[in-house]
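**Q** The structure's right below; bear with me while I get my questions together.
The values are calculated or read from the model by the stated rules, or taken from the named source; none is laboratory data. Every value quoted in this text rests on a predicted model; they were computed, and no experiment measured them. Cβ: placed from backbone, ideal geometry, glycine included. Neighbour counts: every protein chain shown. With ligands, DNA and RNA removed, areas are computed over all heavy atoms of the protein, side chains included. Shrake-Rupley method; radii C 1.70, N 1.55, O 1.52, S 1.80 Å.
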Amino acid sequence: MPPSPLPDPELNPSWRSRLNLSLWALQNPGLTIAFWLGVAVAGILAFSSLRYNLFPDVSFPIVLVDASAPIEDIYRTEAQLTRPLEARLQGLERLESYESSTYSGRSIVQLRFGVGKPLQESYLATELQLKGIPLPPEAQFTITPFDLNESSAVTYVIQSESAAPRQVLYDRIQEDVVP
């Protein structure tokens, strides 16, 4: 039996040759150029409508409670100011941690809330929690909201024994440190 003649590729093209995009692109250069121009225009339009931010708006809410009273002893200050403040503030929603510092007649409690909780909401919750707290007579407290996103990245403190006038130190800093 003689071998069967090979099929003529022109008459019966295979699937592989039918799906050859390179051959089709070479045979239809106008459509190929139009297609890629359309892709480029769509990319430019999509890129221009993107909303991006290098530093996303993530808040790190911290609320400071600064209480003072005419108390001379640090141990009494802790018992009468710091402990009542801590006991009242521990139940705040999304409170991650707190730290307190006690000085003679003064107590500072720093509250750290969960990331993303609005700072104003943290401040109002702290203020509401401290209403009617039993503190010694003449005790006062202030509540200060503080957002780490709004704080400076680097802070310098410069002092000098030899440069007596402040202006001399300021001028030296402007000349040597700032540049």
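**Q** Show me, for the range 94-102, the HN-Hα J-couplings you get by feeding each phi into the Karplus relation (A = 6.51, B = -1.76, C = 1.60, θ = phi - 60°), rounded to Hz, glycine and proline as x.
**A** Values, residue by residue: 6, 7, 8, 7, 8, 9, 10, 10, 10 Hz.
**Q** Please report the accessible area of residue 47 (heavy atoms, 1.4 Å probe, ligands and nucleic acids excluded) in Å², nearest 10.
**A** 130
**Q** Another question, if that's okay. With just the Cα atoms defining each centre, how far is the range 83-128 from the range 130-149? Give it in Å.
**A** So the separation of the two Cα centres works out to 9 Å.
**Q** Rounded to the nearest 0.05, what FRET efficiency do residue 106 and residue 171 have when you use their Cβ-Cβ distance and R0 = 45 Å?
**A** Rounded to the nearest 0.05, the efficiency is 0.80.
**Q** Using the basic label-point model (7 angstrom from Cα toward the beta carbon), what is the residue 45 to residue 25 distance in nanometres?
**A** If labels sit at residue 45 and residue 25, their model points lie 2.3 nm apart.
**Q** Please check which bits of the range 64-82 a label hung off residue 144 would reach, taking the label as a point 7 Å along Cα-to-C-beta and the cut-off as backbone N under 16 Å.
**A** Residues 64-69 fall inside that zone.
**Q** Sort 19-30, 106-117, 128-139 for me by packing, meaning the mean count of neighbouring Cβ atoms within 10 Å per residue, highest on top. Working shown, then result.
**A** Numbers: 19-30: 10.3, 106-117: 18.8, 128-139: 12.5.
Ranked by mean Cβ neighbours within 10 Å, highest first: 106-117, 128-139, 19-30.
**Q** Another question, then. What are the ³J(HN,Hα) values, in whole Hz, obtained from phi via the Karplus relation 6.51 cos²θ - 1.76 cosθ + 1.60 with θ = phi - 60°, for each residue of the range 63-80 in sequence order, with x given for Gly and Pro?
**A** Rounded to whole hertz, the list is 10, 9, 10, 10, 10, 9, 8, x, 10, 8, 9, 5, 5, 5, 4, 5, 5, 9.
**Q** How would 62, 173 line up by accessible area, probe 1.4 Å, largest first?
**A** Listed by decreasing accessible area, they come as 173, 62.
**Q** Between the range 66-80 and the range 17-52, what is the C-alpha centre distance in whole Å?
**A** 74
**Q** What do the square roots of 5 times the Cα gyration tensor eigenvalues come to for the range 50-125, in whole Å, largest first, as semi-axes of the equivalent ellipsoid?
**A** Working through the eigenvalues yields semi-axes of 32, 12, 9 Å.
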